[in-house]
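Following: one structure in structure tokens, then a few remarks.
The values are calculated or read from the model by the stated rules, or taken from the named source; none is laboratory data. Everything numeric in this text was worked out from a predicted model, so none of it was measured. Quick reminder, even Gly has a Cβ in these numbers, built from the backbone with ideal geometry, and neighbours come from all protein chains shown.
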Amino acid sequence: MDCYDACQAEIIDENIKGSKEHKTTNGKLCVNFANLLKEENLKSSIFEGKQISLKESLDILVDKLKNTKPEKTLFYKGSGNLGVMQKATKNFFTQYGSTLTKGSLCDGGGGAGIEAGRGNVINPPLEKLLNADIIIVWGRNFSVTSSHMYNLIKDKTFVTIDPVCTEIAKKSKIHMQINPKTDHELALLFTRFAYMQDLEDREFIEEFGSGADWFFDISRNRPVVSYEATTGVSLTLVNEFFDLIEGKSVAIMLGLGVQKYFEGSQITRCIDSFAAYMGYHKKDAGGVWYLSDSAFGYENPFEIKLKNKHVSIPLVDFSFYDLVFIQGANPVVSAPNTQRVIDGLKKSFVVYFGTALNDTCEYADLIIPSSTFLSKKDVRLSYGHELKAISHEVKIKDENTISEYDLASFLIEQFNLKKLKSEDEVISYYEKHKPILEEFDTFEFVEDIDIEPLYKEKNDDNFYYITGKSKNSLNSQFAKDDFVYLHSSTNFKNDDVVRISSKYGNANFKVRIDDNIKSNCAFFFTGNKYANYLTPAQEDDASHSAIFQEVLVQIELS
Ligand SMILES: Nc1nc2c(c(=O)[nH]1)N[C@H]1C(S)=C(S)[C@@H](COP(=O)(O)OP(=O)(O)OC[C@H]3O[C@@H](n4cnc5c(=O)[nH]c(N)nc54)[C@H](O)[C@@H]3O)O[C@H]1N2
Ligand SMILES: Nc1nc2c(c(=O)[nH]1)N[C@H]1C(S)=C(S)[C@@H](COP(=O)(O)OP(=O)(O)OC[C@H]3O[C@@H](n4cnc5c(=O)[nH]c(N)nc54)[C@H](O)[C@@H]3O)O[C@H]1N2
Ligand SMILES: [Mo]
């Protein structure tokens, strides 16, 4: 599944259990794993609303592809399954000549910021997390979105930086309930404090740093007190924070929350630069963890470089294509600007290839069932840690379903294209290959920033729009919560039906009052069916990634 933990299961006495030798799984499975096992899977192909056989559905697909201009077809893959074998289909669509996507709906902006400083996006080894004294959870719902990793270190001292008083914030010694999109300012304020208290790591900066003085200069060009008003974090709390971390080894668990903005990469780079200023990188304990490039150091056995067109994923206009092939994604809920997505899908021939029916299927002309993970060989690399999990075929596949690898091989044969490496060869490559995860030689501090804060546009009548993952769902999979969560000081009440609008769209929501949400924020769980009616179909300034939170919303009783 799409999660930091990438846990591993085993069959013990015919029951599926969490594996004990996989360090992060540690013998336990989560709610989402249980949901996945209970899920009702697609067992038949569907064409124009009618059930047909798998063979008929594949014939329709081949026929359509033969009668469409390749560049007028779009290959759109989501992250419903992050196994390496999911990429097989991209090989076919690349050879066939489809338009492909670039960028991300997920971690792209932050990744670009980290890469700009360190040259790559690799997490330090898990061991350094286990050895750290203090864990700073920054824009990450750590105990929920990486519950297994959290379990390994749950007795440590935590600091949380989040506009929401999350489960981990409640367990933290210090919670800084920051205003959205001000994390770079907080990082600069921290840097200033570190300098005033002589806490910067001069040795690290001299040996590995480049541009630290410029970075420090950015932090100096504002009066310290001015940060208090914009970030919403008091200087007293910042003082307490420095008392807590002084002389300690520190791990920063950085999440998506800080970077769902136009300048998300710059914001993330400011935080990583603060960490470098303190010398948290390259030590025996601590460091900065984000969503790492899990394929780093591996060659993609399915990769084929041709001159296909690439379209930025948050900007995709489905109506432009005569055929859209969607695999393992639910753009109707998960992509920005739902109305635009729906309008686009209605104008195209949509093929959905997935394991279960989802909201996007409503607009699909042809639905092809993918075999479930229990019937597919695969390897799961992790964006949270360096361990990998091998997935064996433990159940004979339903004969009306097809795996990604088999579909790709079938299409390649139909179009006489270059064959894929064998399934076993690919799996064994991933199984055996141990990538070398070398740390950087030079850390490039961010030397100037250009970030337009949201607070400039914010007034007393509008709210910051924020989303976060839920314990009981995985993005739109298994999701059932379509509420808006508001602080009681907003004067709305439970079950009020409100109309929420932004520059980009509007929708109705039922209210849940929750004082864990900062009073200037409207919170929605990721996977809320209506939340993306409010978001911009725009990309960030660095990586063709979505900017879901670059928006303010108005709320009124409907
Ligand atoms: N407003 C807002 N929007 C967001 C986010 C947010 O925080 N706020 N989060 C974003 C993030 S981080 C992400 S990663 C994206 C996720 O967006 P998507 O990648 O679209 O993921 P899901 O919505 O979970 O849909 C995944 C689908 O894959 C299917 N699937 C599962 N397993 C398999 C398989 O083995 N094969 C195939 N073919 N299909 C399978 C599932 O049934 C499911 O319907 O959403 C983004 N959207
Ligand atoms: N149970 C569960 N686990 C999951 C997922 C799931 O859907 N459910 N999804 C998986 C996926 S695809 C991903 S990418 C990861 C992401 O997991 P996380 O990195 O934890 O990302 P989010 O839950 O989107 O957001 C994290 C936190 O950021 C806070 N936040 C929002 N805006 C800001 C801000 O401006 N500044 C700061 N400091 N914080 C802010 C939110 O309140 C939220 O608590 O989780 C994975 N794990
Ligand atoms: Mo994600």
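Annotations
- Strands (runs of 3 or more DSSP E) wholly inside the range 358-440 that include at least 1 residues being more than 25 Å from the chain's Cα centre (by Cα) and either buried (at least 16 other Cβ atoms within 10 Å of the Cβ) or in contact (Cβ under 8 Å) with a residue 24 or more places away in the chain (or both): 366-369
- A single entry from Glu228, Glu240 fulfils the requirement of being in contact with a strand residue (DSSP E or B) (Cβ under 7 Å, 6 or more places away or on another chain), surrounded by fewer than 23 Cβ atoms within 10 Å (Cβ to Cβ) and part of a helix (DSSP H, G or I): Glu240.
- Residue count for the range 319-350, restricted to those that are within 24 Å of the chain's Cα centre (by Cα) and either more than 25 Å from Asn508 (Cα to Cα) or of a type in the set (A, V, I, L, M) (or both): 12
- Residue that is farthest from ligand 2 (Cβ to nearest atom) [pool: residues in the range 83-112 that are in contact with a strand residue (DSSP E or B) (Cβ under 7 Å, 6 or more places away or on another chain) and aliphatic (A, V, I, L, M)]: Leu100
- Once the range 186-219 is narrowed to residues that are part of a helix (DSSP H, G or I) and polar (S, T, N, Q), the residue that is surrounded by the fewest Cβ atoms within 10 Å (Cβ to Cβ) is Ser219.
- All positions within the range 441-477 that are small (Gly, Ala, Ser) and not in a loop (DSSP other than H, G, I, E, B): Gly468
- Reported count of residues in the range 249-308, each being farther than 30 Å from Tyr464 by Cβ and of a type outside the set (D, E, K, R), is 16.
- Exactly one residue out of Ser473, Ser519, Ser502, Ser489 is away from ligand 2 (no atom under 16 Å from the Cβ) and among the small types (Gly, Ala, Ser), and it is Ser489.
- Of the residues examined, Tyr290 is one that is within 16 Å of ligand 3 (Cβ to nearest atom), buried (at least 24 other Cβ atoms within 10 Å of the Cβ), modelled with pLDDT of 95 or more and hydroxyl-bearing (Ser, Thr, Tyr).
- Members of the range 243-254 that are outside any helix (DSSP H, G or I), at negative phi, surrounded by fewer than 24 Cβ atoms within 10 Å (Cβ to Cβ) and not hydroxyl-bearing (Ser, Thr, Tyr): Glu246, Lys248, Val250
- Selected residue [touching a Lys or Arg at 6+ places or on another chain (Cβ under 9 Å), assigned to a loop (DSSP other than H, G, I, E, B) and more than 30 Å from Ile449 (Cα to Cα)] from Asn528, Asn494, Asn506: Asn494
- Looking across the range 67-82, just one residue is more than 16 Å from ligand 2 (Cβ to nearest atom) and aliphatic (A, V, I, L, M), and that is Leu74.
- You will find that of Asn151, Asn131, the residue that is closer than 20 Å to Gly286 by Cα and within 25 Å of the chain's Cα centre (by Cα) is Asn151 and no other.
- Scanning the range 517-536 for residues that are touching a residue at least 40 places away in the same chain (Cβ under 8 Å) and over 23 Å from the mean Cα position of the chain (by Cα) yields one hit, Asn520.
- Of all residues in the range 531-547 being polar (S, T, N, Q) and not in a helix (DSSP H, G or I), the one that is nearest to Glu167 (Cα to Cα): Thr535
- Search result, residues across the range 4-18 that are more than 16 Å from Leu37 (Cα to Cα) and either in contact (Cβ under 8 Å) with a residue 40 or more places away in the chain or within 16 Å of ligand 2 (Cβ to nearest atom) (or both): Tyr4, Asp5
- The single condition among (1) basic (Lys, Arg); (2) under 21 Å from Arg118 (Cβ atoms); (3) surrounded by 14 or more Cβ atoms within 10 Å (Cβ to Cβ) that Lys181 does not meet is (2).
- As a summary of the residue check, Thr99 satisfies the conditions (1) among the hydroxyl-bearing types (Ser, Thr, Tyr); (2) crowded, with 22+ Cβ neighbours inside 10 Å; (3) away from ligand 3 (no atom under 16 Å from the Cβ) except for the one numbered (2).
- Residue in the range 34-47 that is closer than 22 Å to Gly255 by Cα and within 16 Å of ligand 2 (Cβ to nearest atom) present: no
- Residues of the range 124-151 satisfying the condition of being charged (D, E, K, R), away from ligand 1 (no atom under 16 Å from the Cβ) and part of a loop (DSSP other than H, G, I, E, B): Asp133
- Tabulated pairs, the range 470-486, first in contact (Cβ under 8 Å) with a residue 24 or more places away in the chain and within 16 Å of ligand 3 (Cβ to nearest atom), second assigned to a loop (DSSP other than H, G, I, E, B) and among the hydroxyl-bearing types (Ser, Thr, Tyr), C-beta under 8 angstrom, 6+ apart or interchain: Ser470/Thr526; Ser473/Thr526; Asn475/Ser79; Asn475/Thr526; Ser476/Thr526; Ala479/Ser470; Ala479/Ser473; Ala479/Thr526
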